[in-house]
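Below: the structure, in structure tokens.
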Amino acid sequence: MKKPLVSVIMSVFNEQQYLTNAIESILSQTFSDFELIIIDDYSTDDSLQICKKFKDPRIRIYSKTDEPRGLAASRNIAINMARGWYIINQDADDIAHHQRIEKQLTAALQNPGRRVVGCSIKRIENEKVNIVTLPETHKEIINGFRRIYKRLTIVAGTILAPKKIMQDIPYRTRFRYQQDWDHMLRLYESRKVEFYNCPEPLYTHFIRPKGVYFKPGWLEHNIFIRNCQHRRRKGLAEFETIQQFFQYLDRHSLQKLKWLTIRELLRLNRTLVVLKRKLA
């Protein structure tokens with residue numbers, strides 16, 4: 001079988017309510033030279049059965065057996081399975097615009113081998129629709145990587161990137177939350193990529209009640225990943241686990257004050273963001 005140009009990767013965990021729409025949005029793309037790799041992450045609902053109902057030969061399904069759970073591990077498995085030159089992410093509860101692959105690939109080929117391409121998004125929460133227009137250029141995008149707030153300049157779930165880069169810089173399974181953000185930071189720090197966003201909203205992102213935003217440990221992992229970024233910039237070794245990070249803070253009162261203050265600022269910002277969405 002001829003190798004496809006693009007490999008779409010999708011991790012699935014108990015997404016039976018949304019999965020059909022997500023898969024159909026990929027199969028109806030104007031660009032057809034792709035494969036869709038679906039990794040079942042130990043689903044306990046009918047997600048796997050729904051995937052198997054699709055008979056399109058471009059679909060490849062892999063069910064985890066003894067591999068680590070979670071999005072990071074699933075994406076790494078899919079990337080290593082991929083036969084395409086380019087990888088594009090697709091979440092199992094979101095929808096791709098029918099020209100998404102075509103337009104993002106066209107943009108990527110303007111700087112082949114280096115360009116990582118995202119896009120603006122349509123965000124839907126409680127039936128409220130909001131178009132989130134993201135900055136286009138590399139310089140504008142990386143500005144977000146240095147801020148405490150308003151860091152959203154590229155949506156990790158939308159990116160199309162060369163397979164080689166995704167293999168060279170894999171996702172890290174040791175983070176419970178925000179593996180995407182850690183990955184984007186390390187792509188930036190590698191200096192191997194140029195970021196770009198297509199200005200059109202080519203991806204519909206649904207804010208679900210099951211989202212991780214308010215789950216226990218989300219804030220702690222947020223400051224842990226920021227600390228890892230900070231230590232890399234200083235040329236210091238990262239802490240291997242979040243437990244080591246907090247043990248270190250317990251021994252260093254000034255560092256503890258700094259990072260727990262950032263955590264509380266993030267908590268306040270999260271509350272304000274949610275309130276603003278409700279009032280919109």
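The values are calculated or read from the model by the stated rules, or taken from the named source; none is laboratory data. Given the structure is predicted, the values throughout are model-derived calculations rather than measurements. In this analysis, Cβ positions are derived from the backbone assuming ideal geometry, glycine residues included, and neighbour counts consider all displayed protein chains.
In table form, for the structure just shown:
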{"read-out": "Criterion: of a type in the set (Lys, Arg) and more than 30 Å from residue 142 (Cα to Cα) - qualifying residue of 122, 64, 103", "value": "64"}
{"read-out": "Output for the stretch 1-12, where each listed residue is modelled with pLDDT of 95 or more and either part of a loop (DSSP other than H, G, I, E, B) or closer than 14 Å to residue 48 by Cβ (or both)", "value": "4, 5, 10, 11, 12"}
{"read-out": "Sole exception among (1) crowded, with 17+ Cβ neighbours inside 10 Å; (2) farther than 20 Å from residue 123 by Cα; (3) touching a strand residue (DSSP E or B) at 6+ places or on another chain (Cβ under 8 Å) for residue 92, by number", "value": "(2)"}
{"read-out": "Test for residue 83: is it crowded, with 17+ Cβ neighbours inside 10 Å, outside the structural domain of residue 273 (by TED's automatic domain parsing), of a type in the set (Lys, Arg) and touching a strand residue (DSSP E or B) at 6+ places or on another chain (Cβ under 9 Å)", "value": "no"}
{"read-out": "Sole residue being of a type in the set (A, V, I, L, M, F, W, C), surrounded by 14 or more Cβ atoms within 10 Å (Cβ to Cβ) and closer than 28 Å to residue 116 by Cβ, chosen from 249, 236, 266, 260", "value": "266"}
{"read-out": "Residue within the stretch 190-203 that is within 28 Å of residue 35 (Cβ to Cβ) and in contact with a Phe, Trp or Tyr (Cβ under 6 Å, 6 or more places away or on another chain) present", "value": "no"}
{"read-out": "In the stretch 64-80, the residues that are loosely packed, with under 15 Cβ neighbours inside 10 Å and either over 25 Å from residue 113 (Cβ atoms) or free of Cβ contacts under 8 Å to residues at least 24 places away in the same chain (or both)", "value": "65, 66, 68, 69"}
{"read-out": "Residue under evaluation residue 200, criteria (1) surrounded by fewer than 18 Cβ atoms within 10 Å (Cβ to Cβ); (2) in a helix (DSSP H, G or I), criterion not met", "value": "(2)"}
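Rundown of residues vs (1) in a loop (DSSP other than H, G, I, E, B); (2) of a type outside the set (Gly, Ala, Ser), yes/no style:
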| site | (1), (2) |
| --- | --- |
| 91 | yes, yes |
| 120 | no, no |
| 123 | no, yes |
| 135 | yes, yes |
| 141 | no, yes |
| 145 | no, yes |
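For (1) of a type outside the set (S, T, N, Q); (2) more than 22 Å from residue 147 (Cα to Cα); (3) in contact with a Phe, Trp or Tyr (Cβ under 7 Å, 6 or more places away or on another chain); (4) part of a helix (DSSP H, G or I), each residue gets a yes or a no:
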position	(1), (2), (3), (4)
236	yes, no, no, no
246	yes, yes, no, yes
258	yes, no, no, yes
266	yes, no, no, yes
269	no, no, yes, yes
273	yes, no, no, yes
